[in-house]
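A.B. asks: Following this message is one structure expressed as C-alpha cells.
The values are calculated or read from the model by the stated rules, or taken from the named source; none is laboratory data. Since the structure is predicted, the reported quantities are computational estimates derived from the model, not experimental observations. Cβ: placed from backbone, ideal geometry, glycine included. Neighbour counts: every protein chain shown.
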C-alpha cells in the first residue's frame, strides 16, 4: 500500500509531538521527540543487516534544516549508492575523514575517541590545548615534519618542564598513530623520538614522605595564610592525609557518596583509578570536618564546589596543585611568584600525591598490617588474590584510619571542644 504522507500531514504530526518513529516514504522515517522537535532517518539493509543514518533535523521553515522534500532527495541519492553496491554509511565516514586536513583536525578526532573510552580524557585535552595546539595545530598534515614535533617538545624542555615534555611526546605519538591507521599520514612524525634522548628522560619513582614534624609545619604555614589556603582546601588536605584517597577522588566527590550516619565514604568503581568500588570508613573524630564542609558547600551537590566558573561544578583538578606550588614559591600564573614559605619553614618540596605515600608510610609506622594498609589504598590485587580473597577488612581499615586521625588532627590544629573541633 503506497504511503500518502504530505508536507502538511508531517507538519501536523510533528506539531502534535507524540513521540514515535514513522515511515513516511521508501526508506525514509521521521522520529518525533516532542512538539516541533523531530529528525529524519534513512534505513536500509546491506548484506542482510539493517542499518540507519541520521539525515538531520526536521523543519519546513528553517533553510538550515531538512524539509520533507529535501529529505526525500537525500534518500534518493543514498538509494542510488546502494544500487551501485556502495555503503552510504561508510562513504559518509570516508567523507568526514577527507575533511581532516590539519594537525588540529586529527587531534580532535583522537581526543573525542579517547573521551568515549577513558574517564581522564579531559587531561589529554588540557595537555593538547596548552602545549601542542598553539605550536603545531594549524599545520596541514601534508606539510607536517618530524622537526615540528621535536621543536614542540624542546620548547617545553626549555621551560623547565621535563615530565610534561614526556607526556606531550607520548600524546603526539598516539595522535599521529591514529592518522597513520586511517591513511591520513604516510608515517608517524613522532615515532623515532624517545623520552630519554629527546624529551625529559626516565624519571625515577617519587619517594618523598613527610615526617610528622613537617606535617605540623605544613599546617601551621597554611593556617597563617588563609587567603592562599581557604578553609575548604585546608580541610581537604587534612582529609587526604586521614583517608589516603587520591586527590580527585576526594575533591570531585558528591554528598550522595558520603554517609555520615554510618560513617562511610563510598567511591564508585568508575571514580577510582583501580576501577574498584570501595567504602572508606570515616573516623569518628573526623566527622566534624565533613559537617563543616557541608556548611561551606551550602546547597552544592559537591563537597568542594568550584570557586570560579569552570567546566566542572567541583573544585578544579589544578587548584590544590597551585596552592602548594604557590606556598613553595613557584610561579603558577602571570602574577609574580610568592616567597617560598614552606621551603623557608623546612618542609621538603612535595606534590599532592606525596600525601598518599605519607599516609601509607604512617600506616606502617602505626603497625597496620600490609594487607590492611593496601586495602586502605584500594590498590589492585593480583587476579588470583582477588578471586580467592573477598574479605574487605572493613573493621581493620576503620581502626587504621582512626589511628591516622589521632596523629593528623592534632598536627592540623584541630582541638577537641564541646562543639566538636575548631581550627586553632
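A.B. asks: With 272, 319 as the choices, which residue is within 23 Å of residue 405 (Cβ to Cβ), touching a residue at least 24 places away in the same chain (Cβ under 8 Å) and not assigned by TED's automatic domain parsing to the domain that holds residue 159?
C.D. replies: 272
A.B. asks: Can you tell me which residues in the stretch 322-346 are part of a helix (DSSP H, G or I) and either out of contact with any helix residue (DSSP H, G or I) (no Cβ under 7 Å at 6 or more places or on another chain) or free of Cβ contacts under 8 Å to residues at least 24 places away in the same chain (or both)?
C.D. replies: 322, 324, 325, 326, 343, 344
A.B. asks: Among (1) surrounded by fewer than 19 Cβ atoms within 10 Å (Cβ to Cβ); (2) over 27 Å from the mean Cα position of the chain (by Cα), where does residue 206 come up short?
C.D. replies: Of (1) surrounded by fewer than 19 Cβ atoms within 10 Å (Cβ to Cβ); (2) over 27 Å from the mean Cα position of the chain (by Cα), only one is false for residue 206: (2).
A.B. asks: Right, next: Every residue in the stretch 159-189 that is assigned to a loop (DSSP other than H, G, I, E, B) and closer than 19 Å to residue 134 by Cβ, please.
C.D. replies: The initial filter retains those residues of the stretch 159-189 that are assigned to a loop (DSSP other than H, G, I, E, B), namely 159-161, 182-189.
If the condition is that a residue be assigned to a loop (DSSP other than H, G, I, E, B) and closer than 19 Å to residue 134 by Cβ, then 159, 160, 161, 189 are the ones that fit.
A.B. asks: Which of the residues that make up the stretch 35-51 are surrounded by 11 or more Cβ atoms within 10 Å (Cβ to Cβ) and on the phi < 0 side of the Ramachandran plot?
C.D. replies: If the condition is that a residue be surrounded by 11 or more Cβ atoms within 10 Å (Cβ to Cβ) and on the phi < 0 side of the Ramachandran plot, then 35, 37, 38, 39, 40, 41, 42, 43, 44, 46, 51 are the ones that fit.
A.B. asks: Return a yes/no flag: does the stretch 113-122 have any residue that is surrounded by 17 or more Cβ atoms within 10 Å (Cβ to Cβ) and either farther than 30 Å from residue 316 by Cα or outside the structural domain of residue 276 (by TED's automatic domain parsing) (or both).
C.D. replies: Yes, the stretch 113-122 contains at least one residue that is surrounded by 17 or more Cβ atoms within 10 Å (Cβ to Cβ) and either farther than 30 Å from residue 316 by Cα or outside the structural domain of residue 276 (by TED's automatic domain parsing) (or both).
A.B. asks: For the stretch 246-259, state whether one or more residues are under 19 Å from the mean Cα position of the chain (by Cα), at positive phi and assigned by TED's automatic domain parsing to the domain that holds residue 320.
C.D. replies: No, because not a single residue in the stretch 246-259 is under 19 Å from the mean Cα position of the chain (by Cα), at positive phi and assigned by TED's automatic domain parsing to the domain that holds residue 320.
A.B. asks: Where residues in the stretch 347-398 are loosely packed, with under 11 Cβ neighbours inside 10 Å and assigned to a loop (DSSP other than H, G, I, E, B), which of them is modelled with the highest pLDDT?
C.D. replies: 367
A.B. asks: So which residues in the stretch 294-316 are touching a residue at least 12 places away in the same chain (Cβ under 8 Å) and in contact with a helix residue (DSSP H, G or I) (Cβ under 6 Å, 6 or more places away or on another chain)?
C.D. replies: 296, 303, 304, 315
A.B. asks: How many of the residues in the stretch 126-151 are under 15 Å from residue 170 (Cβ atoms) and touching a helix residue (DSSP H, G or I) at 6+ places or on another chain (Cβ under 7 Å)?
C.D. replies: 6
A.B. asks: So which of 80, 69 is more than 27 Å from the chain's Cα centre (by Cα), exposed (fewer than 12 other Cβ atoms within 10 Å of the Cβ), under 30 Å from residue 10 (Cα atoms) and touching a residue at least 40 places away in the same chain (Cβ under 8 Å)?
C.D. replies: When all the criteria are applied, what remains is 69.
A.B. asks: I've got another one for you. Can you name the helices (runs of 4 or more DSSP H) wholly within the stretch 73-158 that have at least 3 residues being closer than 30 Å to residue 202 by Cβ and modelled with pLDDT of 90 or more?
C.D. replies: 103-117, 121-127, 133-136, 146-158
A.B. asks: While we're on this one: So which pairs qualify, if the first residue must be in the stretch 174-196 and free of Cβ contacts under 8 Å to residues at least 40 places away in the same chain and in the same structural domain as residue 156 (by TED's automatic domain parsing), the second must be surrounded by 19 or more Cβ atoms within 10 Å (Cβ to Cβ) and in a loop (DSSP other than H, G, I, E, B), the Cβ gap must be under 7 Å, and the two must be at least 6 apart or on different chains?
C.D. replies: Final answer for the pair search is 177/188; 180/188.
A.B. asks: On to the next question. For the stretch 265-277, name all the residues that are outside any helix (DSSP H, G or I), in contact with a helix residue (DSSP H, G or I) (Cβ under 9 Å, 6 or more places away or on another chain) and on the phi < 0 side of the Ramachandran plot.
C.D. replies: Correct list: 265, 266, 267, 268, 272, 273, 276, 277.
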